[in-house]
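The values are calculated or read from the model by the stated rules, or taken from the named source; none is laboratory data. Since the model is a prediction, treat every value here as computed from it, not as a measurement. Don't worry about glycine lacking a Cβ; one is built from the backbone with ideal geometry, like all the others, and counts go over all protein chains shown.
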Amino acid sequence: MRKPTLYPAMMSSLALALTLASGPARADAGASGAGPIRIGVNEPLTGPFAASGTYVVNGAKIAADEINAQGGVLGRKIELVIEDNKSNPTEAAAVAEKLITSDKTPVMMGAWGSSLTLAVMPKLADYETPMLVETSSSGKITTTGNPYVFRISPPSALEAEAFAPMVGKIGLKKVDFIVINNDWGRGAAADFTKMLKDKGVAVGLVETMDQGAQDMSAQLSKLKGSDADTIMITAAVDQLTLLFKQMSALGLKKRIITTGGSQNPDQIIAQAGGAADGTLHLTTFLPWYPDRTPNPKATTYFIEEWKKRGFQFAGVTESFRGYDGIRTIAQAIAKAGSTEAAQIKAAFWAVDFTGLNGQIRFAKSGPAGRESGQSKPDVYLIRIESGRVVMPEL
C-alpha cells in the first residue's frame, strides 16, 4: 500500500510514544519477527448508518498507514480487522465476539451508534477486552460500570454542558425536541432538557421517530403548532435531510439546532440544499477552519491525506474519529509494551496527546472500582448559510 507523505511536525509526542516505547512488558511485545498487531474495528458498513461507518473506517485506515509508515508499534505493524455490524445491535454483539474469539484481537474500536455500542459492552466484560468508543454519545456507555470502555466522543451530557454557555447568547426561550427513538436520541433529549431547565429555558414537546422513518409530517405538524422558538434534533444525516425538506414544505420556520456531533454539514448542504440554510449544528471538529482546531498541523495533514485518497471533503467530519481512535489505541499499546488485553486496558489510563478535536486523556466515569474512561473533546456551534459552513459570532 502506498505510504502517505508525512510532515515533519507529525513526529509528535504520539509518534515518539509509538516508536520509542520503553522495553516490552511481555516477551512477545517487541519481537520484530512477530506478525502484525491486530486491532478489531466494529462499524456499520451496511444498513442505515453505513455512510457514517464507512467514513470512520476510512479515517482509521489513514491512521494505520501513518503509524506503519513511522515504524509501527513496538516494532510491529498494526493490522485493522474490519467487520460490518450492519447497523444492528444483535449483529454488533456477534461481531465483537468474533473479533475477540476468532480473530484474536486484544483491543477494538466501535461501534458507531449508541445502541450498537451498548449491545457490545457485555461482550467486553465477558472476555475482558477493552474497546475505544469513537462516536457513540449515550450517557449510559460510561456510567453503567464497564471498565473496558474508553470513549473519545462526548456523551450527550458533556455536549449539553459545552452548549450551556451559548444558550443565553443565542436567546433560547422555549425548546421542543424531535429525536431518533433509540438510546442516542432519547438520551440526548434527557440530557439537554436537564441543562436547559437549569438555565431557565422552558422545554415543551419531545417527539420521537423510528430509525428508518421517512415521513415525519405528523411530528412536525405538532412542532409547528407549538409556541417554542427552537427545535433541537438528534438524528443521523439522512433523516436530518428529510426533516429539513419536510419542514420547508410545511412552512415550519423556527430556529433549528442539531446535537450528537455525528451529522455531516457538508452532506446536509448537498442533500437538503436551501432547506438547510439557517440551521445550527453542534459539532466536535472544525475541518472548515483548521487554524481554529487544537492541532492545526495534524488537521491539515489529515484533510490533505483524505483528499489524496479521493474521498469527498464532507466525510472528514466523521472520519476523523476513526483516525483519532486508532491513534489512541496505538498509544495505549505502546505504553503497555504488550499486546495483552489486560495490559492495553491498563495503559489507556496513561494515554495523553492532542487529537484533532482536543486533548485525549481519560477521566474516570461511573461506579467506583468499575469506571469507564471518558475523554473531553471540544464542542463547536456552526451554522449553514447560503450553502456554506460558518461560525456564528456569539
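Can you go through PRO130, PRO48 and tell me which one is crowded, with 22+ Cβ neighbours inside 10 Å, on the phi < 0 side of the Ramachandran plot and not small (Gly, Ala, Ser)?
Working: PRO48 fails: crowded, with 22+ Cβ neighbours inside 10 Å.
Residue meeting the stated conditions: PRO130.
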Review point. Within the group ILE329, ILE303, ILE333, which residue is buried (at least 24 other Cβ atoms within 10 Å of the Cβ), in contact with a helix residue (DSSP H, G or I) (Cβ under 7 Å, 6 or more places away or on another chain) and part of a helix (DSSP H, G or I)?
Key: ILE333
Check your understanding: Is there a residue in the stretch 177-188 that is modelled with pLDDT of 95 or more and more than 25 Å from the chain's Cα centre (by Cα)?
Key -> no
Check your understanding: Which one of these is in a helix (DSSP H, G or I) and touching a strand residue (DSSP E or B) at 6+ places or on another chain (Cβ under 8 Å): GLN239, GLN211?
Key -> GLN239
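Out of LYS104, LYS98, which single residue is surrounded by fewer than 19 Cβ atoms within 10 Å (Cβ to Cβ), part of a helix (DSSP H, G or I) and either modelled with pLDDT under 95 or not hydroxyl-bearing (Ser, Thr, Tyr) (or both)? Walk me through how you get there before you give the answer.
Numbers: LYS104 fails: part of a helix (DSSP H, G or I).
Matching residue, one of LYS104, LYS98: LYS98.
Among the residues in the stretch 362-374, are any buried (at least 16 other Cβ atoms within 10 Å of the Cβ) and either β-branched (Val, Ile, Thr) or without any contact (Cβ under 8 Å) to a residue 60 or more places away in the chain (or both)? Let's see the steps before the verdict.
Just the residues of the stretch 362-374 that are buried (at least 16 other Cβ atoms within 10 Å of the Cβ), to begin with: 362, 365-366, 371-374.
Now restrict to residues that are either β-branched (Val, Ile, Thr) or without any contact (Cβ under 8 Å) to a residue 60 or more places away in the chain (or both): none.
No - not one qualifying residue is present in the stretch 362-374.
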Practice item. Go through the stretch 69-87 and count every residue that is among the basic types (Lys, Arg) and either in contact with a Lys or Arg (Cβ under 9 Å, 6 or more places away or on another chain) or in a strand (DSSP E or B) (or both). Key: 1
Exercise for review: Of the conditions (1) crowded, with 22+ Cβ neighbours inside 10 Å; (2) more than 19 Å from ALA336 (Cβ to Cβ); (3) at pLDDT 95 or above, GLY113 clears all except one; give me its number.
Suggested key: (3)
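Against the definition (part of a helix (DSSP H, G or I), surrounded by fewer than 22 Cβ atoms within 10 Å (Cβ to Cβ) and assigned by TED's automatic domain parsing to the domain that holds GLY355), how does LYS297 come out, yes or no? Steps first, answer last, please.
On the way: part of a helix (DSSP H, G or I): yes; surrounded by fewer than 22 Cβ atoms within 10 Å (Cβ to Cβ): yes; assigned by TED's automatic domain parsing to the domain that holds GLY355: yes.
When the stated conditions are applied, LYS297 passes them.
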**Study point:** Hits in the stretch 116-142 - residues which are at pLDDT 95 or above, in contact with a Gly (Cβ under 6 Å, 6 or more places away or on another chain) and assigned to a loop (DSSP other than H, G, I, E, B)
**Key:** GLU134
Exercise for review: With the checklist (1) surrounded by fewer than 14 Cβ atoms within 10 Å (Cβ to Cβ); (2) part of a helix (DSSP H, G or I) in hand, flag the one item GLY200 doesn't pass.
Suggested key: (2)
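Name every residue in the stretch 140-159 that is without any contact (Cβ under 8 Å) to a residue 60 or more places away in the chain and either not charged (D, E, K, R) or not assigned by TED's automatic domain parsing to the domain that holds GLN359 (or both), in order of residue number.
ALA157 - this is the single residue of the stretch 140-159 that is without any contact (Cβ under 8 Å) to a residue 60 or more places away in the chain and either not charged (D, E, K, R) or not assigned by TED's automatic domain parsing to the domain that holds GLN359 (or both).
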Practice item. Name every residue in the stretch 365-394 that is assigned to a strand (DSSP E or B), of a type in the set (Ser, Thr, Tyr) and under 21 Å from ALA270 (Cβ atoms), in order of residue number. Key: TYR380
Check your understanding: Out of all the residues in the stretch 227-234, is one or more touching a residue at least 60 places away in the same chain (Cβ under 8 Å) and of a type outside the set (Val, Ile, Thr)?
Key -> no
